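A short write-up of the structure that comes next.
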Amino acid sequence: MPIKEHLDIILGNSTYLDDIKLNNMAYLHVIRSPYARARILKIEEPGTKALLFFTVKTIGNLLMPAVSVPNARIVRMPVLPSNTVNFVGQPVAAVVAESRYSLEDIADEVSIEYEPLKPIITIDEALKNEEIIHPEIDTNISLDTTLEGGNLNAFKEADVVVEREIEQARLVANPMEPKGCIVYYDGDKLLVYASTQSTFRVRSDLAETLGLPIDKIVVKAPKNIGGAFGNKTPAYPEYVLAAIASMKLRRPVKWVETRTEHLNNATQGRGVKSRMRLYAKRDGTVLGIEGEVIVNLGAYNFTINASSPLFIANLSTGPYKMIAARVRAVGVFTNTPPSGPYRGAGRPEAALIHETLMDDLADELGMDPVEVRRKNIIRDGETYRTPLGLVIDPANYQSMLEYAAKRYYEFRSKYPDKGVSIAVFALYVSVLGGEGVKAVIGNGKMRLIIGSRPQGHAHISAFTKYASEVFGIPGEFIEVVPGDTETLNYGVGTFGSRSATVVAAAITELAERVTSRLSLMGLSLIDAIRSKDVVIEEEVDYKPSIAVFAPSAHVAVVDFNPETLTARVIDYYTVHNVGKPLLKDEVEAQVHGGVLQGLAQVLWEGAFYSEDGTPLHASLADYGLPNTGDITYRITTNEMNTQSPLPGGLRGIGESGTTGALVSVFLALEKAIKSKTSVKVKLGRTPVTPSYLYQLISGF
């Protein structure tokens, strides 16, 4: 099936947020903090007349939404701060002008006087509590709770204990088009165009922050949002400022982020330090896992970051049978941008924990890494409840491992002087919350409005194909339209490897309802479609009650140059379980893109800060974003599809490549270093830079 939406993008026929132009539009510019932590002493307005000038005094003490969790100390991010700034790039004031070209000149006239304060940049600094970022809670620790379950006495029965400490650097999602919005208030409703993964989430965030009734806000997205990777899920302070400006001016207001702003703005991903232990018997039987996961939340609680330590901790047992687990989950505040979802959003972090420990156990016992996994993997056909209470549905993990094991041994034979690794994980698919789908039938079409929001995905082609199958009609009668808050009553959005799974389930239920209604009317679906009027409208708000996992196994081959202390991936294999692939080429594309992001975290990418909190990643080159020259490997993919228990039977794939590549390349690099230098290393951070390797290998 040709994928028209991709062709439109390649030919330049798509529409991005910044392509949208409304009549009489004004423009917003945000003035940001140059300090990681400072007291605001004085703000002087620009001399040149702006349409509007905003500080906290003019808009009030508005706070952005943040998910709360039990026992957490929540400090929400202000739209504009009242007294103190807490990260470089934090919005402090804003100007609105007639044109973009006048904005920066006007902004340059704004004078802000600061008193710099000592910033807290790292997790270790935050834990000391010597400087408190938020005095109102008298600590830098937002969350400190312990998850435990199973027979904890099992730890005492262990013959072998292995431990690994790893610190994963902050990452920046880098979509082609950064964030942006256009807001227009007509005196009754607030119309918002946003480059977003979830129009419904942006609407609820704006309603909460502005105190508006939710039915007075309409949020739409452009045809193409230019990628997202988790960064475009919530509303941001800039969206609120644009809304306030439009409500005052009664005209459209546009804000589009620059790349420099994006690199230093909320949200960033990863930023996790873990110290975990695996307990086992001498024969390789795993008893349990114990330790701590500490997440750098950044300066404030924002979006879902308060829950991220718990999510990682819950997934740390992986696809393995264990008797006990006890994990301390900690979230700390630092003077860096607030953290948030980045492709994988806890899944890669957890997989790196359990897979490094499984390799360490194999090494300690002198066992084959595959054999250790074979001994402990969840059995085919088994529904397994982890010690921490997660229920993993049957998905043939044993068979998945065996597919990968075959390629693992082939690679070891083919590349005797390279590092070869294997990694297995259970990808948590974010199906809870479900999705909305609506059918409008008549006038020659079945118009299918879906709640998911493509970011470069082939949602239109994929769901046209699936709807054709379940409704039993040719695809030319089906028009799939990504919905928004005006065209659907309920929707969630695209993130967490969820869209194919939940939208297909919703379409399956929708087909049953439509068929039933048409039967009562004495009509066939084709007759209804060919009617000159709309014959039927039916909407399904599908909300599953169970979680779904998608297993995957990855094998990586890495070469290491001991002279330059650099590495490259030269061969790669993955087997995945999506339940039922809608478009096989698109499944492979998701894997290929994800693999590059995962290995880039190991080899290049990282958002680092100086001691005073100045970002050291001022450009994409400084940040370490890979380019086409870095793709020196080939990927072979395989699939093994065990249907999920949801209607349609699908499972997710979007974050599988990112998760598997982080782990498999990390482990293969360790083995490659040993192969080329005879030095056995245990890597303890990402990215694995040459300077870090020099210290590690040289013993400095």
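The values are calculated or read from the model by the stated rules, or taken from the named source; none is laboratory data. This is a predicted model, so every value here is computed, not measured. Counting neighbours? That spans all protein chains shown, and the Cβs are built from the backbone with ideal geometry, glycine included.
Select from the stretch 169-202 the residues that are of a type in the set (A, V, I, L, M) and over 17 Å from Thr260 (Cα atoms) and list them in ascending order. Show your work before the answer.
Residues of the stretch 169-202 that are of a type in the set (A, V, I, L, M), as a first pass: 169, 171-173, 176, 182-183, 190-192, 194, 202.
Hits for the stretch 169-202 are Ala169, Ile182, Val183, Leu190, Leu191, Val192, Ala194, Val202.
Go through Ala607, Ala589, Ala618, Ala600 for me and flag whichever is without any contact (Cβ under 8 Å) to a residue 12 or more places away in the chain and either assigned by TED's automatic domain parsing to the domain that holds Thr686 or within 17 Å of the chain's Cα centre (by Cα) (or both).
Values: Ala607 fails: without any contact (Cβ under 8 Å) to a residue 12 or more places away in the chain; Ala618 fails: without any contact (Cβ under 8 Å) to a residue 12 or more places away in the chain; Ala600 fails: without any contact (Cβ under 8 Å) to a residue 12 or more places away in the chain.
Going through Ala607, Ala589, Ala618, Ala600 in turn, the sole match is Ala589.
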For this session: May I ask you to list the residues in the stretch 94-122 that are assigned to a strand (DSSP E or B) and buried (at least 24 other Cβ atoms within 10 Å of the Cβ)?
Result: Ala94, Val95, Val96
Problem set entry | Lone unmet requirement of (1) closer than 30 Å to Pro551 by Cβ; (2) crowded, with 23+ Cβ neighbours inside 10 Å; (3) not assigned by TED's automatic domain parsing to the domain that holds Val95 for Phe302 | (1)
For this session: Check Glu364, Glu355, Glu290, Glu349 and return the single one that is part of a strand (DSSP E or B) and either at positive phi or among the acidic types (Asp, Glu) (or both).
Result: Glu290
For this session: Could you please find all residues in the stretch 524-546 being crowded, with 17+ Cβ neighbours inside 10 Å and outside any strand (DSSP E or B)?
Result: Leu525, Ala528, Ile529, Pro544
Exercise. Quick check, is Asn376 modelled with pLDDT under 95 and either charged (D, E, K, R) or more than 23 Å from the chain's Cα centre (by Cα) (or both)?
Worked result: no
Exercise. Which fully enclosed strands (runs of 3 or more DSSP E) of the stretch 411-511 have 2 or more residues being modelled with pLDDT of 95 or more, in contact with a Pro (Cβ under 8 Å, 6 or more places away or on another chain) and closer than 30 Å to Asp380 by Cα?
Worked result: 419-429
Exercise. Restricting attention to the stretch 308-336, and to residues there that are assigned to a helix (DSSP H, G or I) and among the hydrophobic types (A, V, I, L, M, F, W, C), which single residue is farthest from Ala395 (Cα to Cα)?
Worked result: Leu310
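Which of the residues belonging to the stretch 610-641 are among the aliphatic types (A, V, I, L, M) and part of a loop (DSSP other than H, G, I, E, B)?
First pass over the stretch 610-641, keeping only residues among the aliphatic types (A, V, I, L, M): 616, 618, 620-621, 625, 631, 635, 640.
Scanning the stretch 610-641 gives Leu616, Ala618, Leu625, Ile631, Met640.
Residue by residue, here is whether (1) touching a Lys or Arg at 6+ places or on another chain (Cβ under 6 Å); (2) of a type in the set (A, V, I, L, M, F, W, C) holds:
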{"position": "Pro454", "(1), (2)": "no, no"}
{"position": "Thr464", "(1), (2)": "no, no"}
{"position": "Phe477", "(1), (2)": "no, yes"}
{"position": "Pro482", "(1), (2)": "yes, no"}
{"position": "Asn489", "(1), (2)": "no, no"}
{"position": "Ile529", "(1), (2)": "no, yes"}
{"position": "Ala553", "(1), (2)": "no, yes"}
{"position": "Asn561", "(1), (2)": "no, no"}
Problem set entry | Search result, residues across the stretch 647-700 that are of a type in the set (S, T, N, Q), under 21 Å from Lys418 (Cα atoms), touching a Gly at 6+ places or on another chain (Cβ under 9 Å) and not in a loop (DSSP other than H, G, I, E, B) | Ser664, Ser675, Thr686
Exercise. Looking at (1) over 19 Å from Ser430 (Cβ atoms); (2) modelled with pLDDT under 95; (3) buried (at least 22 other Cβ atoms within 10 Å of the Cβ), which is the only condition Arg634 fails?
Worked result: (3)
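Sort out which residues of the stretch 26-44 are part of a loop (DSSP other than H, G, I, E, B) and surrounded by fewer than 17 Cβ atoms within 10 Å (Cβ to Cβ), and write them in order of number. It would help to see each step written out before you state the result.
Let us first name the residues in the stretch 26-44 that are part of a loop (DSSP other than H, G, I, E, B), namely 33-37.
Hit for the stretch 26-44 is Pro34, nothing else.
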Problem set entry | Residue, nearest to Asp585 (Cα to Cα), within the stretch 1-30, restricted to residues that are within 27 Å of the chain's Cα centre (by Cα) and of a type in the set (A, V, I, L, M) | Ile3
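Filter the stretch 61-78 down to residues that are in a strand (DSSP E or B) and under 22 Å from the mean Cα position of the chain (by Cα), then give me how many there are. So that I can check it myself, show each step before the final result.
Of the residues in the stretch 61-78, the ones in a strand (DSSP E or B) are 63, 66, 76, 78.
Narrowing further to those that are under 22 Å from the mean Cα position of the chain (by Cα): 66, 76.
The number of residues fulfilling the criteria is 2.
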For this session: Return the pairs, sorted by first residue and then second, in which the second residue is assigned to a loop (DSSP other than H, G, I, E, B) and surrounded by fewer than 13 Cβ atoms within 10 Å (Cβ to Cβ), the first residue lies in the stretch 60-71 and is in the same structural domain as Ala245 (by TED's automatic domain parsing) and free of Cβ contacts under 8 Å to residues at least 40 places away in the same chain, the beta carbons are less than 8 Å apart, and the residues are 6+ apart or on different chains.
Result: Asn61/Ser82
